[in-house]
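First the structure, in the form of structure tokens, and then the observations on it.
The values are calculated or read from the model by the stated rules, or taken from the named source; none is laboratory data. Remember, predicted model here, so these are calculated numbers, not experimental data. Here the Cβ positions follow ideal geometry from the backbone for every residue, glycine too, while neighbour counts run over all protein chains shown. We work out accessible area using only protein heavy atoms, side chains counted, and drop any ligands, DNA or RNA first. Shrake-Rupley method; radii C 1.70, N 1.55, O 1.52, S 1.80 Å.
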Amino acid sequence: MNNIIETARTIKRRIFRSVDGPKAIRSEFNRFHGRPLPDIPETFTEHLYHRMIVFHGQSNPEFTRLSDKYLAREFIRERIGERYLVALLWTGTDPREIPFDALPDVSMAKTNHASGMTMVLRRP
């Protein structure tokens, strides 16, 4: 599974580098926030976008590891310990394989490839 993820990331990087990266980042900020990215960041989001511009084109494996929900768990486990991790009930690539019968009455499903894609699973 990690090979597939790394291949997808490599393709994404190549596509992103084929356009003017900082310009695309600024455009994305403007589209999402309805205003241009200021030259001097003040908010957390502005600082994140500035950081993306500064580090654009640089491959930093730590950033990749920390932006991946599943791989970030390893980082947390190594740095501060497993007790700070939320229980992981299942991981995989095929949602048809989710063991719904083995899940608690209420649980969360999150994708690893995007932010905000969360579903609350409730047993009827």
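Structure data summary
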| quantity | calculated |
| --- | --- |
| Selection count, the stretch 85-102, where residues are in contact (Cβ under 8 Å) with a residue 12 or more places away in the chain and more than 22 Å from ALA72 (Cβ to Cβ) | 2 |
| Number of the condition not met by GLU78 [criteria: (1) modelled with pLDDT of 85 or more; (2) closer than 23 Å to ASN3 by Cβ; (3) within 13 Å of the chain's Cα centre (by Cα)] | (3) |
| Residues of the stretch 96-119 classified as in a loop (DSSP other than H, G, I, E, B) and either open to solvent by less than 60 Å² (accessible area, probe 1.4 Å) or on the phi < 0 side of the Ramachandran plot (or both), total | 11 |
| Residue check, LEU89 within 15 Å of TYR70 (Cβ to Cβ), at pLDDT 90 or above and surrounded by 10 or more Cβ atoms within 10 Å (Cβ to Cβ) | yes |
| Number of the condition not met by LEU88 [criteria: (1) outside any helix (DSSP H, G or I); (2) farther than 26 Å from THR7 by Cβ] | (2) |
